Amino acid sequence: MSLGLKETKHVILASIKMQRLYVAQNAKSLKKYAMSTSKRPPSCQEDSLGTPWGLHEVVEKIGNQESLGMVFEGRKPIGLTYWQCDDEKRKKNLITTRILRLRGMEKGLNAGEGIDSFARYIYIHGTNHEEHIGTPASSGCLQLSNLDVLELFSVVGENSHLWLDKEC
């Protein structure tokens, strides 16, 4: 069965169960990263705060040339790294360093009204709470350490495919 997908240079595989993200190029594994997905059960439903599963693509890369640890709000840098923020702000789970914005590619699962990963603002991004990487800790996004998201951002291109699996 063909899904009508164009081949991409990189493929990203992410396991919710294992809390790991893998990058492959030309069918060869390049790198494995520890990640954090949602504290809540996996879900494609809007307002669930669960990590959606299925086939996605990277549709936007945000933050090129920003400082390591830069905080983003509304996908815009605020001009402060997380360690420059006040204690109250640092208690929150911030979006830091880089953003790879995702779009679901499976109508009826992660694309469409009430279940749309893009409309839910699901990203791969850095976090100010790196001590939680490798365990469920997010509000739906895929979080990496700041150095890891910086590296991933430099490797994968827009339109790269991501298979997000909840079972293995």
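Between the listed residues L142, H125, G114, the Cα displaced farthest toward the positive end of the dipole of region 104-166, a dipole computed from Cβ unit charges relative to the Cα centre, is found at G114. Roughly speaking, what % of Cα-Cα pairs in region 77-123 are separated by over 14 Å, rounded to a whole number? More than 14 Å apart: 59 percent of the Cα pairs in region 77-123. Computed from the C-beta positions of A27 and S67, the FRET efficiency with R₀ = 35 Å rounds to 0.50.
Under 18 Å of direct C-alpha separation, and excluding same-chain neighbours fewer than eight residues apart, K6 reaches these aspartates and glutamates: E57, E60, E106, E158.
Return the percentage of antiparallel bridges among DSSP beta bridges fully within the chain, rounded to the nearest 5 %. In the chain, approximately 75 percent of DSSP beta bridges are antiparallel ones. Net charge near I16: determine it from the other residues with C-beta under 14 Å of the C-beta of I16, scoring Lys and Arg +1 and Asp and Glu -1. Result for the local shell: +3. Using a Cα distance threshold of under 23 Å, what count of lysine pairs results for region 10-165 when pairs must be 8 or more residues apart or interchain? The result is 15. For N26, the shell of other residues with beta-carbons less than 12 Å away shows a net charge of +1, using +1 for Lys and Arg and -1 for Asp and Glu.
With respect to the chain, whose longest principal axis is taken over its alpha-carbon atoms, helix 146-155 is tilted by about 40°.
Per residue, the chain reaches -2500 deg cm²/dmol at 222 nm when only DSSP H runs of four or more residues are counted, each adding -39500 (n - 2.57).
Each Lys and Arg Cβ is given +1 and each Asp and Glu Cβ -1; about its Cα centre, region 10-165 then shows a dipole of about 260 debye.
Note on S154 and I78: the model spin-label points, each 7 Å out from Cα along the C-beta direction, lie 2.7 nm apart.
Values in this text are rule-based calculations from the coordinates and carry no lab data. Just so we're clear, the structure is a prediction, and the values are computed from it rather than from any experiment. Here Cβ is always computed from backbone atoms with ideal geometry, including for glycine, and neighbour counts include all displayed protein chains.
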